[in-house]
1. May I ask you to list the residues in region B:56-76 that are open to solvent by less than 30 Å² (accessible area, probe 1.4 Å) and assigned to a strand (DSSP E or B)?
2. So is B:E53 among the charged types (D, E, K, R) and either over 10 Å from the mean Cα position of the chain (by Cα) or loosely packed, with under 12 Cβ neighbours inside 10 Å (or both) or not?
3. Take region A:30-51 and flag every residue that is surrounded by fewer than 23 Cβ atoms within 10 Å (Cβ to Cβ), aromatic (F, W, Y) and closer than 20 Å to A:S3 by Cβ.
4. List the number of the failed condition for B:T20; all other conditions in (1) surrounded by fewer than 18 Cβ atoms within 10 Å (Cβ to Cβ); (2) within 10 Å of chain A (Cβ to nearest Cβ); (3) hydroxyl-bearing (S, T, Y) hold.
5. Hey, does region A:65-84 have a residue that's out of contact with any His (no Cβ under 9 Å at 6 or more places or on another chain), within 28 Å of B:H29 (Cα to Cα), modelled with pLDDT of 95 or more and open to solvent by 10 Å² or more (accessible area, probe 1.4 Å)?
6. Can you tell me how many residues in region B:23-32 are closer than 10 Å to B:E75 by Cα and open to solvent by less than 10 Å² (accessible area, probe 1.4 Å)?
7. Might you check whether a residue that is at the interface with another protein chain (Cβ under 10 Å from one of its Cβ atoms), touching a Cys at 6+ places or on another chain (Cβ under 8 Å) and open to solvent by less than 60 Å² (accessible area, probe 1.4 Å) occurs anywhere in region B:92-104?
8. Would you mention how many residues in region A:86-105 are under 16 Å from the mean Cα position of the chain (by Cα) and surrounded by 18 or more Cβ atoms within 10 Å (Cβ to Cβ)?
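The values are calculated or read from the model by the stated rules, or taken from the named source; none is laboratory data. Remember, predicted model here, so these are calculated numbers, not experimental data. Here the Cβ positions follow ideal geometry from the backbone for every residue, glycine too, while neighbour counts run over all protein chains shown. Just so you know, the surface numbers come from the protein's heavy atoms only, side chains and all, with ligands and any DNA or RNA stripped out. Shrake-Rupley method; radii C 1.70, N 1.55, O 1.52, S 1.80 Å.
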Amino acid sequence: GNSVTQMEGPVTLSEEAFLTINCTYTATGYPSLFWYVQYPGEGLQLLLKATKADDKGSNKGFEATYRKETTSFHLEKGSVQVSDSAVYFCALSRGSYDKVIFGPGTSLSVIP
Amino acid sequence: DAGVTQSPTHLIKTRGQQVTLRCSPKSGHDTVSWYQQALGQGPQFIFQYYEEEERQRGNFPDRFSGHQFPNYSSELNVNALLLGDSALYLCASSLTMGGNYNEQFFGPGTRLTVL
């Protein structure tokens with residue numbers, strides 16, 4: 001079945017460090033891929049998405065590229081801030097008619 | 001646009017009781033999905049409603065049931081509560097019609113604690 005695997009946390013970085021959170025997926029067909037962010041005590045917010053191979057999603061300095069050949073969708077940011085501290089979920093879906101399948105989440109803490 | 005709203009925000013129940021959670025979708029959306037997020041885990045799909053019918057269901061027991069109303073709002077009911085039902089319950093809305101992919105928008109969730 002379809003599934004998402006992402007690197008385990010927690011990840012602790014100093015402010016302005018480079019961030020990479022690895023994500024790989026298993027899916028039939030051509031799913032859309034997402035990164036969601038969950039700040040402490042809040043619901044999920046869509047951070048970025050990519051709907052086809054080689055698409056790059058970007059938002060708030062975060063980027064991820066849909067790599068079909070490696071079935072990956074790694075999240076990157078060049079310079080993290082304390083306000084980026086949150087849990088990040090990689091996810092996939094075949095469409096709004098289909099469920100979203102989430103990875104287990106990666107907790108990020110950014111220290112000044 | 002109010003986005004997806006859920007009520008109540010927090011709820012405390014005891015084992016064996018029944019609970020109803022409510023969700024109002026984003027304006028213009030016709031599809032509602034429910035997810036359970038246990039502490040420290042990713043959300044797990046419970047079911048999805050479209051045109052007032054359950055269209056898809058995840059691996060949850062029949063104690064979990066739902067309903068969608070003509071105005072597209074939805075309820076999640078859980079009977080015979082267990083301690084393991086303690087979680088954040090998330091509602092997501094989306095638009096099925098149109099042919100193009102449309103993302104799901106999530107509400108803030110209802111935190112259910114079962115004692």
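1. Filtering region B:56-76 for residues open to solvent by less than 30 Å² (accessible area, probe 1.4 Å) gives B:58, B:64, B:66, B:68, B:73-74, B:76.
Listed by number, the residues that qualify are B:F64, B:G66, B:Q68, B:S74, B:L76.
2. Values: among the charged types (D, E, K, R): yes; either over 10 Å from the mean Cα position of the chain (by Cα) or loosely packed, with under 12 Cβ neighbours inside 10 Å (or both): yes.
It is true that B:E53 is among the charged types (D, E, K, R) and either over 10 Å from the mean Cα position of the chain (by Cα) or loosely packed, with under 12 Cβ neighbours inside 10 Å (or both).
3. A:Y30
4. Against the list (1) surrounded by fewer than 18 Cβ atoms within 10 Å (Cβ to Cβ); (2) within 10 Å of chain A (Cβ to nearest Cβ); (3) hydroxyl-bearing (S, T, Y), B:T20 comes up short only on (2).
5. Restricting attention to region A:65-84, the residues satisfying the condition of being out of contact with any His (no Cβ under 9 Å at 6 or more places or on another chain) are A:66, A:68-84.
When the remaining residues are screened for being within 28 Å of B:H29 (Cα to Cα), the result is A:66, A:73.
Next cut, modelled with pLDDT of 95 or more only: A:66, A:73.
Still in the list and also open to solvent by 10 Å² or more (accessible area, probe 1.4 Å): none.
Scanning region A:65-84 turns up no residue that is out of contact with any His (no Cβ under 9 Å at 6 or more places or on another chain), within 28 Å of B:H29 (Cα to Cα), modelled with pLDDT of 95 or more and open to solvent by 10 Å² or more (accessible area, probe 1.4 Å).
6. Here is the first cut: in region B:23-32, the residues closer than 10 Å to B:E75 by Cα are B:23-24, B:32.
The next check asks that each one be open to solvent by less than 10 Å² (accessible area, probe 1.4 Å); those that pass are B:23, B:32.
Count: 2.
7. Yes: one or more hits.
8. Keep residues of region A:86-105 that are under 16 Å from the mean Cα position of the chain (by Cα), which gives A:86-93, A:100-105.
Those still in the list that are surrounded by 18 or more Cβ atoms within 10 Å (Cβ to Cβ) too: A:86-93, A:100-103, A:105.
Matching residues across region A:86-105 total 13.
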